[in-house]
Every structure is written in C-alpha cells, then in structure tokens.
Amino acid sequence: MRETLGNSTIAAADVAAGYFRSYSVVGLLALIGVLFVAVAFGAGRLLRPVVPTPEKLLTYECGVDPVGEGWAHTQVRYYVYAFLYVIFAVDSIFLFPWATVFAAPGYGATTLVEMFIFLGFLAVGLLYAYKKGVLTWA
C-alpha cells in the first residue's frame, strides 16, 4: 500500500511540475515583454534632447494654434452615437463565441434561444433609440 501511495504522489508531482512548466514559459515571455518596454522607455529618456521652449509648451490641436477658451460645448447626440457603436461592437464580440458554441454538438438549441434573447434586447434598445429620434442626423 505504501508503494501505491508513493507512486501516486510521484505522479501528482510530475503533473504539477508539467503544469507549472507550461506556465513558466508564459511568465518568461511576460517578463521579457516588460523588460523590453522598460529598456525602450529608458533609452528614449536618456537619448532625447530636453530643451523646453515656450513654443514647445504651448498647447495645440492638429498643428493649429489654439483660439479662444479651452472649453468647448459638444452636442450630446455625438455621445449617443458613440454609445450605440459600443453597444453593437459588444454585440459582435458576443456573436463570435456564440457561433463557435453553436457548432458544438448538444448546445445548438440552447445557444440559439439565448442568442435570440440577447438580440431581442438589442433590438428593443435600437427601437427605443429610433423612436426617440436619436438615429436621425439633423
């Protein structure tokens, strides 16, 4: 009985060692990436000239000198368009894994119903935005 227990302990240790060995590669690559970024930033800081002049410290936008105040009013509808874009971008992100699971045997009907419920919620949101006049460009 001791031999069986000893062999299973050795087998469990081998499995754990293989598990951590596979993650050590990921950790090593992450460390190399962090070092690469740190060296690049350090080299940039050491090699760049530092000559602050009033022209360099002046704020500008797209190469044009600023005119007027720093605050500008933006219409709310642009935020709504951006928000609708984000909603439909998230929708497309959920469609790709759904298509993968839909192809798996035994999950077809369940994932189909779940996706139509999800698309129904998005359709209700789009209908609400349409009824509020958000989608008309004026």
Looking only at region 20-60, and only at residues there that are outside any helix (DSSP H, G or I) and hydrophobic (A, V, I, L, M, F, W, C), the one that is nearest to residue 71 (Cα to Cα): 58
Region 102-119, residues that are more than 18 Å from residue 83 (Cα to Cα), modelled with pLDDT of 75 or more and not aromatic (Phe, Trp, Tyr): 105, 106, 109, 110, 111, 112, 113, 114, 115, 117
Residues within region 120-133 that are under 16 Å from residue 86 (Cβ atoms) and open to solvent by less than 40 Å² (accessible area, probe 1.4 Å), tallied: 3
Can you tell me which residues in region 96-111 are part of a helix (DSSP H, G or I) and surrounded by 12 or more Cβ atoms within 10 Å (Cβ to Cβ)? 98, 101, 102, 108, 111
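The values are calculated or read from the model by the stated rules, or taken from the named source; none is laboratory data. Keep in mind that what you see is a predicted model, and the values were worked out from it rather than measured. We place every Cβ from the backbone using ideal geometry, glycine too, and count neighbours over all the protein chains shown. Note: accessible area is taken over every heavy atom of the protein model, side chains too, but ligands, DNA and RNA are not part of it. Shrake-Rupley method; radii C 1.70, N 1.55, O 1.52, S 1.80 Å.
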